[in-house]
1. I need the GluC sites (Glu not before Pro) found in segment 1-96, filtered to DSSP loop residues with at most 15 other beta carbons within 10 Å of theirs.
2. Can you list residues from other chains, or at least 5 along the same chain, whose modelled amide H is less than 5 Å from the amide H of Cys36?
3. Could you list the residues of segment 179-199 with an amide nitrogen less than 16 Å from a label point located 7 Å from the Cα of Lys168 in the Cα-to-C-beta direction?
4. Between Arg59 and Ala189, what's the calculated FRET efficiency when r is the beta-carbon distance and R0 is 35 Å? Round to 0.05.
5. Quick one: length gained pulling Arg139 to Ser108 fully straight, 0.36 nm per residue minus the C-alpha distance?
6. With a ≥ b ≥ c the root eigenvalues of the C-alpha gyration tensor of segment 12-83, is it rounded (a/c under 1.5), prolate (a/b larger than b/c) or oblate?
7. On a full-extension model of 0.36 nm per residue, what is the gain between Asn159 and Glu89, subtracting their alpha-carbon distance, rounded to one decimal in nm?
8. In whole Hz and in residue order, list the ³J(HN,Hα) couplings for segment 4-9 that follow from phi through the Karplus curve 6.51 cos²θ - 1.76 cosθ + 1.60, θ = phi - 60°; x for Gly and Pro.
Amino acid sequence: MAEIICVIGNKGGTGKTTLSHMLSQGLGLLGHRAACVLTDTSREPLSPAGRRYITADARTREALTKVVDKLRSLEGWLGVIDGGGNRTEMDRKLYAMSDIVLLPFRESHEDIRTVVRDLEMFPRAYAVPTQWPTNAWQREAVDRSVAQLMGAYRHRILNPVLALSGTKLLLQKQIPEHLPTAVANACRALARQVLDVMDIEHAETTTAADDEDEPQLSGRLSPADMPLRLQANRRTH
């Protein structure tokens, strides 16, 4: 039975879609079969070419139910649902169907206040600092703010996902044949964290140096064809 990971949050602009695709790519790089599920009606499905995961279009409630039901019937898969922003009712629905919830937030005090409210609303959720500064001075300042404002939730805060301009490539209609090494490493690091929280074993199946030689697992699925296409793909772990 597939595990469902939902990326939600009551504020827009925190990087939910980027995080969803990074996590899905990282899971694929670690040898897991993953599907990134689109629910945000303001976005269009992305081309599957070159990705280490499949994608599914679930922008209606009916489609979402079908996609999740079909994923649940498949052994060993991980479904990553991009919840979009500013949709409290949808967040509650996704929380109810998930095994783990991720709440991305950026370094602003507004984001921190919002994610604290979401952590209180969703007890099974973990906060994920995203687009985190790489400059040492800036990093020290924002880490201090998080410690002061979110100290009570420190056991539910994952390690930051650093700001990398290359992560935008994952949101292009069609991604490049080979992603930058730094992006691949960031995707792996995020996936490892989430797998550890979920107590799911993981093993390195590729390194940055051999990414170019490994076959890609990709495909975009509609709710109607998901079971057939999923079962036809080669297991990678």
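Bear in mind these aren't lab numbers, they're just calculated from the coordinates by the rules spelled out. Keep in mind the model is a prediction, meaning the values are calculated, not measured. Positions of Cβ are generated from backbone atoms using ideal geometry, with glycine treated the same way; all protein chains shown enter the neighbour counts.
1. Loop-located and lightly packed - Glu75.
2. The answer is Ile54, Thr55, Ala56, Val80.
3. 180, 183
4. Calculated value: 0.75.
5. The Arg139-Ser108 span can extend by a further 9.9 nm.
6. Note, shape of segment 12-83 comes out oblate.
7. 22.4 nm
8. Ordered by residue, 3J(HN,Hα) equals 10, 10, 10, 10, 10, x Hz.
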